[in-house]
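Shown next, in structure tokens, is the structure this report addresses.
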Amino acid sequence: QVQLVESEGGLVQPGGSLRLSCAASGSIFSIYGMGWYRQAPGKSREWVATVSSGGRTNVDDSVKGRFFISRDNGKNTTYLQMNSLKPEDTAVYYCNAMIRAIATPYEYDYWGQGTQVTVSS
């Protein structure tokens, strides 16, 4: 009923850029925070960036200055602009959003399907 669909990642050379998108759809009453997590091989899932419903952004120190998160409320979509990519950015990237569905008295955490981003020569 409510789902998050991520764009495909891809293979990018070190120093390159890539933009991920995540669109929420379904019977949505309101979307609160939206963000991105990633999980590298052999590592736990870690938080990357968050953007509030009002547009306030936060990013992890590991990507600060390189990654930028934004959202388009009209499209129910969040974006992660990744610049100056490094091999250590290689991971499966997951979209996350706190969403209240129509006729539901509470919000719930939803997750995208995950998309692979590989940074390599």
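Residues that are in a strand (DSSP E or B), of a type in the set (A, V, I, L, M, F, W, C) and surrounded by 21 or more Cβ atoms within 10 Å (Cβ to Cβ) within the stretch 79-104 comprise L80, M82, A91, C95, A97, I99, listed in sequence order.
Residues S44, S25, S30: which one is farther than 21 Å from S84 by Cα, open to solvent by 20 Å² or more (accessible area, probe 1.4 Å) and either touching a helix residue (DSSP H, G or I) at 6+ places or on another chain (Cβ under 8 Å) or not in a strand (DSSP E or B) (or both)?
Values: S25 fails: either touching a helix residue (DSSP H, G or I) at 6+ places or on another chain (Cβ under 8 Å) or not in a strand (DSSP E or B) (or both); S30 fails: either touching a helix residue (DSSP H, G or I) at 6+ places or on another chain (Cβ under 8 Å) or not in a strand (DSSP E or B) (or both).
Every option except S44 fails the conditions.
In the stretch 53-67, is there at least one residue being in contact (Cβ under 8 Å) with a residue 40 or more places away in the chain, on the phi < 0 side of the Ramachandran plot and either of a type in the set (A, V, I, L, M, F, W, C) or open to solvent by 40 Å² or more (accessible area, probe 1.4 Å) (or both)? Within the stretch 53-67, not a single residue is in contact (Cβ under 8 Å) with a residue 40 or more places away in the chain, on the phi < 0 side of the Ramachandran plot and either of a type in the set (A, V, I, L, M, F, W, C) or open to solvent by 40 Å² or more (accessible area, probe 1.4 Å) (or both). Each residue in the stretch 3-15 was checked for being more than 16 Å from the chain's Cα centre (by Cα) and open to solvent by less than 20 Å² (accessible area, probe 1.4 Å), and 1 of them qualify. Taking every residue in the stretch 87-106 that is without any contact (Cβ under 8 Å) to a residue 24 or more places away in the chain and pairing it with any residue that is in a strand (DSSP E or B), at least 6 positions away or on another chain, the pairs with Cβ-Cβ distances below 7 Å are Y106/R100.
The values are calculated or read from the model by the stated rules, or taken from the named source; none is laboratory data. For clarity, every value in this text was computed on a predicted model and none was experimentally measured. Reconstructed Cβ throughout: ideal geometry from the backbone, glycine too, with neighbour counts over all protein chains shown. Accessible surface is based on the protein model in full, side chains and every heavy atom, while ligands, DNA and RNA are left aside. Shrake-Rupley method; radii C 1.70, N 1.55, O 1.52, S 1.80 Å.
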